[in-house]
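Before any comments, here is the structure.
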Amino acid sequence: MKKNARTLIFTDLDDTLIQTKRKLADHSHLQTGAVDREQKPLSYTTPPQRLLLQLLKTGGAILIPVTGRNQAAMDRVLLDDFHSYRIVSHGAMVLTEENQPCQTWLASQQHNHDLSAWAEHLDRLNETLNSYIKQQAFPIACHPITEAGMTAYLSIKADRLHYQESQLDYLMEHLKPQLKQGERWHRNGANLALLPPYTCKAKAVQFVSEQLQIHEHELVMGFGDSVSDLAFLRQTHFGLFPIGSQLDHWMGT
Ligand SMILES: [Mg+2]
């Protein structure tokens, strides 16, 4: 084996390395993994998650988060395992080691996509979705997520105690005629997001892999819980998903 071959882990965060208490049967031995805007504990790590992180750290792995969180929400994650690039907002933005927007990535986003036209389009869809939500009195909130002036995606979050799956189905179905080519949905539980084509975890992972000059002899792994994570997991040598996750259920028996 070539000397100094690295181990690189592209990893989702929520429901992969951290999660809210609601999703855990055993609340003992938890540690805070992320805080909310008021700095109160919101997400937690379990002992197995911490052992996994410890194992990777001991092995000298380079961890790169690949998350739907925007930069501000990423900054509320307390795990101290990330010292390289960070992929945030479902792949719309790549942050450097200094936690600053990567200018090379931003330039390629601007070069390849008409971001102002997409921003206008997503604003219109946001208005449409909010009018449906109001008309139907759905317990759902919708708003655009932006990164460095770029509209990254529409976040559509249902109140998990009061929503019905059919309400998210309704929004997706009614918006269908207005979608542009290349737009995709990310859906997992009460969370829905409408992603423009430049918001793609797999594309951002490819970019970071090129920036880090990852070679074939190096080990690359991907961790994720959502079906929408599969595309970036497939760009690695080994994909890992939590048992009981959406990806696990999707694979069936
Ligand atoms: Mg996740």
(1) more than 30 Å from P47 (Cβ to Cβ); (2) in a loop (DSSP other than H, G, I, E, B); (3) not assigned by TED's automatic domain parsing to the domain that holds K180 all hold for F138 apart from (3)
Regarding segment 160-178, can at least one residue be identified that is among the hydrophobic types (A, V, I, L, M, F, W, C), modelled with pLDDT under 95, farther than 26 Å from I62 by Cβ and not assigned by TED's automatic domain parsing to the domain that holds L24?
yes
Just need a number here: residues in segment 6-65 that are within 27 Å of A202 (Cα to Cα) and either of a type in the set (G, A, S) or touching a Cys at 6+ places or on another chain (Cβ under 8 Å) (or both).
6
Of the residues in segment 193-219, how many are buried (at least 21 other Cβ atoms within 10 Å of the Cβ) and part of a strand (DSSP E or B)?
3
Hey, any hits in segment 59-74 for a residue that's free of Cβ contacts under 8 Å to residues at least 60 places away in the same chain, more than 21 Å from the chain's Cα centre (by Cα) and over 29 Å from I18 (Cα atoms)?
no
Quick check, is S155 within 16 Å of the ligand (Cβ to nearest atom), outside the structural domain of I64 (by TED's automatic domain parsing), closer than 27 Å to S84 by Cα and modelled with pLDDT of 95 or more?
yes
Would you check which residues across segment 79-99 are assigned to a loop (DSSP other than H, G, I, E, B), surrounded by 15 or more Cβ atoms within 10 Å (Cβ to Cβ) and touching a residue at least 12 places away in the same chain (Cβ under 8 Å) and list them?
L79, D81, F82, S84, Y85, A92
Which residue out of R69, R22 is within 15 Å of the ligand (Cβ to nearest atom), under 22 Å from S226 (Cα atoms) and assigned to a loop (DSSP other than H, G, I, E, B)?
R69
Just wondering, is there one or more residues in segment 232-240 that are within 14 Å of the ligand (Cβ to nearest atom) and outside any helix (DSSP H, G or I)?
yes
May I ask you to list the residues in segment 147-171 that are of a type in the set (V, I, T) and in contact (Cβ under 8 Å) with a residue 40 or more places away in the chain?
T151
Conditions first: (1) loosely packed, with under 13 Cβ neighbours inside 10 Å; (2) free of Cβ contacts under 8 Å to residues at least 24 places away in the same chain; (3) over 19 Å from the mean Cα position of the chain (by Cα). Q178 passes all but one, so which condition is the exception?
(2)
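The values are calculated or read from the model by the stated rules, or taken from the named source; none is laboratory data. Computed from a predicted structure; not experimentally measured. Every residue, glycine among them, receives a Cβ derived from its backbone with ideal geometry; neighbour counts consider all protein chains shown.
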